[in-house]
Amino acid sequence: MSQLEPRETVAGAEAPSTHGGALRHLGDVRFYVAVFVALLCCTLLTVAVSSVHLGALNLVVAIVIASMKATLVVLFFMHLATGSRFNAMILIVSLMMVGVFFAYTLNDTGRRTEVDVDQSAKVSPATGLPAPGGAD
Amino acid sequence: MATDSSSRRPTFLADHFDTAEQQADAAKLGMWVFLGQEILFFAGLFVAYGVFRSWHPDVFSAASHALSKPMGTANTVVLLFSSLTAALAVRAAQRGARHQTTALLLVTIACALAFLVVKYFEYQHKFHTGLLPGQWFGVPRTFPGGAVMQRGEAAPALPAGAGAFFSLYFVMTGVHALHIIVGIGVLTWILIRNLRGQFSAEFFTPVDNVALYWHLVDLVWIYLFPLLYLID
Amino acid sequence: MTTATTDAPTPHAGHEPDPRESYIETTHSLAGTKQGALSWLTTLDHKRIGIIYLCLVLLAFLMGGVFAVLVRIEHLTQGKTIVDADTYNRIFTLHGVVMVFLFIIPSIPAALGNFILPIQLGARDVAFPRINLLSVYIYVLGAGFALYSLIHGGIDTGWTFYTPYSERSNSFVIPMLTGAFIMGFSSILTGVNFIATIHKMRAPGMSWGRLSLFSWGLYATSIIQVLATPVLAITLLLLILDRLFDLGIFNPKYGGDPILFQHFFWFYSHPAVYIMIVPGMGIVSEIIATFARRQVVGYWFVAMSSLGLALLGFLVWGHHLFVSGMSEYAAMVFSALTFLVAIPSGVKLFNWLATLHKGSISLASPMLYALGFIFFFTIGGLTGLFLGMLAVDVHLTDTYFVVAHFHYVMVGGTVMAFIGGLHYWWPKMTGRLYDETLARIAYGLVFVGFNVTFLAQFVIGSRGGTRRYWDPPPQFHQLHVVSTVGSWVLGLGFIVMLVMFVRSLTGGAKARANPWGSAAVEWQTSSPPPLSNFAVQPTITRGPYDYHLATPDELSEDR
């Protein structure tokens, strides 16, 4: 009845992960090289696109391509595709926090003087034009 | 009967773990948590970049053209290749192929060193042409030997605010380069341990985890490259 | 202590410690020694590491407390009392820096968490003992830099290091920033260790639903430590570089944005306050369960609210910079989110009250601190809501109202929980009991002293009394005197407590395994615990608060 009994099963209460450590399956060399080639193609693509004038879209395309490369590295070189789901969660939560940091900070820096016309701002940072109702 | 389980315990298994798998899983999880924190560390730099670029998009665009796209692209390719060799090194270690692991680790380290060499030339060029951070942008300087650079002489016609871009450029690539140097250090440590025969098909976790770190360094560069070098 | 059966597997293959030897008598160390100074300095045992941290944070608390007393003494008279204005700025800054970075952030996780967490999980140690030891030395190194700055006069920027002043101040800013930067990594490594430990080192049968609420609290805290602290690191690094090289990131003179610094700083420092409070709430759950002798009502609500605080805590940092010049639009968003973050705290409060209701309550000293926490944290939390309201904050920000608010939550909250936990686990850690009468006297002094000190400050603040002033306007003088006298009573309470603990160590009665009659796992092993925590690794068959499932033997105070 006591809590203290000789242990019957080993390790933590989680089911042992069949994709952890030494039990992970062996990747194919050709597959790794194929991923590398894909990464190279993406790199050449992003350099090529950078000389095309797409305006605001340039940044979007660059980030999208970079994210494709990052996804390839994370899924296949870092084995998240076959590894523990919790490790993937760690990455996702970290990226979410980066997103929060970005979004809320730029929400401020991009919107200075937007609501309160009485704020003593001489020049709106976003446009460089004199702020409405700016200080003397 | 009190069993002496020490004969069943592999030498690489630490006392506080029950099984090799538990140890490997814990180490890997810990490494991913550490990578999470590295991501947040670099995130600050990217946010600062985002803020200043959103405020001065033209300055950033002009300043970005002053960077060498060929060198940046070369460094990107080198780092991607080093990620490949690092992943292959882990695979070799997983197969217990000691010599292959050594060779692949050596190539990875060589790529890292090549990256730093290219970086050195990039920095040197900027120092000589006055493409410097903040206050120092375009400032007249006297070089050893007496040659004097006048303000705006070598720095291409960039707006004065370009100092902000180069502040971020140097801090971001500098912090990244520091991580490369640390990476070279830990890769070398793993190489030495591998040469000493400490790894096998049953135990190669340190190789796995150091490779994860190396991939992170690559990931950061994957974003740094377009944001710094490829602004239209 | 149950005796091991003869065919039980030995818990620590390879090195066979005598199961009767406590962690104080023997250890695993990097140096290989089992006793002596080197065995402590290079110990790999989480319990010894916890004790080392405990000593370090208590020293820090003493140092921060001395600065606090000096701050209050300066307000005893108008004009100069003991120091001039510049020195006063340095003293309150150092009070903040020492208390936040050297004391409160590591306090519960590193000192109590390191000791108790593995035992509550039924594990032999944390996942990465060497990294645990490394975190101690990183803390010491960081503290060394801070002390170096202190010896050279410290800094006068406020613990928040706001730019542009922190870039102009001719005090020893960079060593202090370096110290804080380094200490951040101690915090990060503790977080990494705890997450891996909780995931991978639980004893057989320890499902997530059987985890102690302290463990849940530490889990949530570790997530915050890992995600938030690196942003502090990069912020301090950028500030150092900005100061050294005039980079113009935060300095408006060179094109930078000081509000950006505040965003960066508070992105860490707001979640940091959850690093401070969430483990404290975990301790309160433990104490209430034990001294009300029942299952915590709404276990999953309490557990999930810790995670909720961890996640929501990342969304509200802007409420520290409402009046900084940030966009009004963004301020409104942050204000709305700030209201949200009060909800998980409220969930816990109601669950504790429900647990107390119809519980079989014993008012032992740890329980007094837990009840005190509920009182103080309610006041602190509610006043936080006042500050979260934009229109009200415009008037209350940078006044003593803010100072009183955060002291209620940090001292009335975290420190009370820390001390309560220290009382609670003292018999387990030291194998000794302390004098209950002295404990109550100390508690009374602390309770009264704290309220006098900080209630007066709420009044000062709501009447417009600005913080960080060396010489406050005369209309607040009387209230300042009241606050200062309160601080003496509070300090006296801590001194009585110190005497009590020293006497316990030097001659206190021996404690048995379970002096409180608790059902939780850590009380099923001896006081102090053996090196590998349990004579035989436990198999967990029930939750830590399942008094209805526990056997009389497990709850017995006589083992």
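The values are calculated or read from the model by the stated rules, or taken from the named source; none is laboratory data. Because the structure is a prediction, the values reported are computed rather than measured. Glycine gets a Cβ as well: all are built from the backbone with ideal geometry, and neighbour counts include every protein chain shown.
Inside the stretch C:384-415, residues that are closer than 15 Å to C:TYR274 by Cα and in contact with a Gly (Cβ under 7 Å, 6 or more places away or on another chain) make up a count of 6. Condition (residue is closer than 15 Å to A:MET97 by Cβ, in contact (Cβ under 8 Å) with a residue 40 or more places away in the chain and either facing chain A (nearest Cβ under 9 Å) or not in a helix (DSSP H, G or I) (or both)) applied to the stretch B:15-36: is it met by at least one residue? Scanning the stretch B:15-36 turns up at least one residue that is closer than 15 Å to A:MET97 by Cβ, in contact (Cβ under 8 Å) with a residue 40 or more places away in the chain and either facing chain A (nearest Cβ under 9 Å) or not in a helix (DSSP H, G or I) (or both). Within this structure, C:ASP471 fails the test of being within 14 Å of chain A (Cβ to nearest Cβ), in a loop (DSSP other than H, G, I, E, B) and of a type in the set (Asp, Glu). Which of the residues spanning the stretch C:311-362 are of a type in the set (Phe, Trp, Tyr) and assigned to a loop (DSSP other than H, G, I, E, B)? Result: C:PHE322, single match.
The set of residues from the stretch C:118-133 being closer than 16 Å to C:SER187 by Cα and under 20 Å from the mean Cα position of the chain (by Cα) comprises C:VAL126, C:ASN132, C:LEU133. Here C:ASN533 clears all of (1) on the phi > 0 side of the Ramachandran plot; (2) of a type in the set (S, T, N, Q); (3) surrounded by fewer than 21 Cβ atoms within 10 Å (Cβ to Cβ) except the condition numbered (3).
Residues in the stretch C:251-272 that are in contact (Cβ under 8 Å) with a residue 60 or more places away in the chain and small (Gly, Ala, Ser): C:GLY256, C:SER269, C:ALA272. Annotation: B:HIS179 fulfils all but one of (1) more than 14 Å from chain A (Cβ to nearest Cβ); (2) at pLDDT 90 or above; (3) within 25 Å of B:LYS69 (Cβ to Cβ); (4) surrounded by 21 or more Cβ atoms within 10 Å (Cβ to Cβ); the unmet one is (4). Scanning the stretch C:227-252 for residues that are over 28 Å from C:LEU189 (Cβ atoms), in a helix (DSSP H, G or I) and more than 7 Å from every other protein chain (Cβ to nearest Cβ) gives a single hit, C:PRO252.
Residues that are more than 12 Å from chain A (Cβ to nearest Cβ), in a loop (DSSP other than H, G, I, E, B) and not polar (S, T, N, Q) within the stretch C:515-559 comprise C:PRO515, C:TRP516, C:GLY517, C:PRO528, C:PRO529, C:LEU531, C:TYR545, C:TYR547, C:HIS548, C:GLU557, C:ASP558, listed in sequence order.
The criterion of being under 16 Å from the mean Cα position of the chain (by Cα) and either farther than 18 Å from B:LEU219 by Cβ or more than 11 Å from chain A (Cβ to nearest Cβ) (or both) holds for B:LEU113.
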